[in-house]
Amino acid sequence: QLQLVESGGGLVQPGGSLRLSCAASGSIFGIYAMGWYRQAPGKQREWVAHIHNVGTTNYADSVKGRFTISRDNAKNTAYLQMNSLKPEDTAVYYCKAMGTRQDYWGQGTQVTVSS
């Protein structure tokens with residue numbers, strides 16, 4: 001089993017920055033990628049970014065150029081650096097670990113962008 005714990009969310013003004021962390025504990029065997037998703041009130045959960053074990057990254061068009069996903073393998077932690085935040089980035093952000101047998105989700109962390 002794998003447990004994921006997100007942190008780093010909060011309230012930030014438009015144009016500000018936040019860095020989310022996703023710490024993984026337990027067995028990481030078979031995990032080939034880490035990703036971030038978000039869900040705004042009244043909307044479906046949407047993909048934000050992911051990073052493969054080999055370092056390849058992909059981003060949703062809505063965050064490209066503003067968000068950066070990274071990982072520290074020694075710490076079993078993935079990060080999402082969010083810059084130039086907009087009110088429409090407000091959502092609960094979830095970390096996901098993609099495995100060969102199953103996927104795992106964290107509990108989510110709230111990000112609110114408001115003046």
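The values are calculated or read from the model by the stated rules, or taken from the named source; none is laboratory data. Note that the structure is a prediction, hence the values are computed from the model and not measured. Counting neighbours? That spans all protein chains shown, and the Cβs are built from the backbone with ideal geometry, glycine included. Note: accessible area is taken over every heavy atom of the protein model, side chains too, but ligands, DNA and RNA are not part of it. Shrake-Rupley method; radii C 1.70, N 1.55, O 1.52, S 1.80 Å.
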| query | What does the charge count near TYR79 come to, summing +1 for each Lys or Arg and -1 for each Asp or Glu among other residues with Cβ under 12 Å from its Cβ? | reply | +1
| message | Going 7 Å from the Cα of SER25 along its beta-carbon direction, which residues of the range 64-94 have the amide nitrogen within less than 12 Å of the resulting point? | response | none
| Three principal axis lengths of the chain [C-alpha, angstrom, descending] | 42, 25, 23
| Student exercise, the range 35-115 dipole from Lys, Arg, Asp, Glu Cβ charges, in Debye to nearest 20 | 80
| query | How would you order 43-52, 93-102, 56-65 from highest to lowest mean count of nearby Cβ atoms within 10 Å? | reply | 93-102, 43-52, 56-65
| Rg(Cα) of the range 21-65 divided by 2.2 N^0.38 Å? | 1.34
| LEU11 versus LYS43: modelled label distance in nm, points set 7 Å from Cα along the beta carbon direction | 2.1
| How many lysine pairs in the range 9-115, separated by 8 or more positions in sequence or lying on different chains, have Cα atoms less than 20 Å apart? | 5
| For the chain, which whole-number percentage of the solvent-accessible area (1.4 Å probe, protein heavy atoms only) is attributable to carbon and sulfur atoms? | 48
| message | Accessible area per residue for the range 19-71 in Å², computed with a 1.4 Å probe and the full protein assembly in place, what is it? | response | 56
| At what distance in nm do the modelled label points of GLN1 and LYS75 sit from each other, each positioned 7 Å from its Cα along Cα→Cβ? | 2.5
